[in-house]
1. Test of understanding: what is the full-extension gain from Thr104 to Asp121, defined as 0.36 nm times their sequence separation minus their Cα-Cα distance?
2. When the chain is modelled as a GNM with alpha-carbon springs shorter than 10 Å, which of Asn35, Asn103, Asn152 fluctuates the most?
3. Specify the inter-centroid distance of segment 114-192 and segment 8-63, based on alpha-carbon positions, in whole Å.
4. Tally up the carbon and sulfur contribution to the accessible surface of the chain as a whole percent, 1.4 Å probe, everything protein left in place.
5. Using only the alpha carbons of the chain, determine the length spanned along each of the three principal axes and report them from longest to shortest in whole angstroms.
6. Per residue, how large is the accessible surface of the chain? Use a 1.4 angstrom probe and give square angstrom.
7. Once you put a point 7 Å from the Cα of Phe29 and another 7 Å from the Cα of Glu186, both along the Cβ direction, what distance in nm separates them?
8. Running a GNM on the chain with Cα contacts under 10 Å, which residue among Ala168, Ala137, Ala59 ends up with the highest mean-square fluctuation?
Amino acid sequence: MLTIYGHPISSYTWKVLTALYENGTPFEFITVDQNTYADFIAKWPMGKFPILLDRDRGAMVAETAVIIEYLDHYYRGHTRFIPADFDTALEVRRWDRVCDHLNTTMSKIVVDNIRPDGQRDPYGVEEAKRVVRGIYAVIEAQLGSREFLVGNDFSLADCAAAPALWYATRNVPLDGAFPRIAGYLEHLKARPSFARAVKESEPLFHMYPGA
């Protein structure tokens, strides 16, 4: 039995849920909240979710890319998240990191929205927006005529890109400047695995600043 500790509106949780739904991998989901936080911290004191528990193998796996690679190896399905070809696999991992960088940078803008008056960081927010637009530029160039971020196969990189872009474009709009990203994001939003992760979180969207 696999168990995921995460939160329904967490972009990083969506990343792992997308991989699980992509292959129909069965799992139990535990929302990290005031009732479960102590149990979660006891398992992973760093406090970053999601984490995966594999009771059959006695394993606790942290960090989203590692979790998805773990699933790809031990719970393999029809979609392979890490290509067999070494060079292509490196590209997938590289773009996964780019998308995680987008995700983390975007979160700085979100956090600033919930800071009390007098404690906000307008300079930091503008710098974060500048970085986000720079990441948009490299993703736009990477997409080209590809269906997905690396070639024409859905991979770890796309699991990372979907939630990162979904949230980022709400904080730093594309404004018509990145048409390939706009099309790619619509393609990802239509993919059943990611669409399910988003749909299931809708009752909690009110918790997201600016939603």
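1. Using 0.36 nm per residue and subtracting the Cα-Cα distance, I get 4.5 nm.
2. Highest fluctuation among the options: Asn35.
3. 24
4. That share works out to 55 percent.
5. 48, 44, 28
6. 50
7. Output for this residue pair reads 2.7 nm.
8. Residue with maximal mean-square fluctuation among Ala168, Ala137, Ala59: Ala59.
The values are calculated or read from the model by the stated rules, or taken from the named source; none is laboratory data. Given the structure is predicted, the values throughout are model-derived calculations rather than measurements. Cβ atoms come from the backbone with ideal geometry, glycine included; neighbour counts cover every protein chain shown. What goes into the accessible areas is simple: the full protein's heavy atoms, side chains included, and nothing from ligands, DNA or RNA. Shrake-Rupley method; radii C 1.70, N 1.55, O 1.52, S 1.80 Å.
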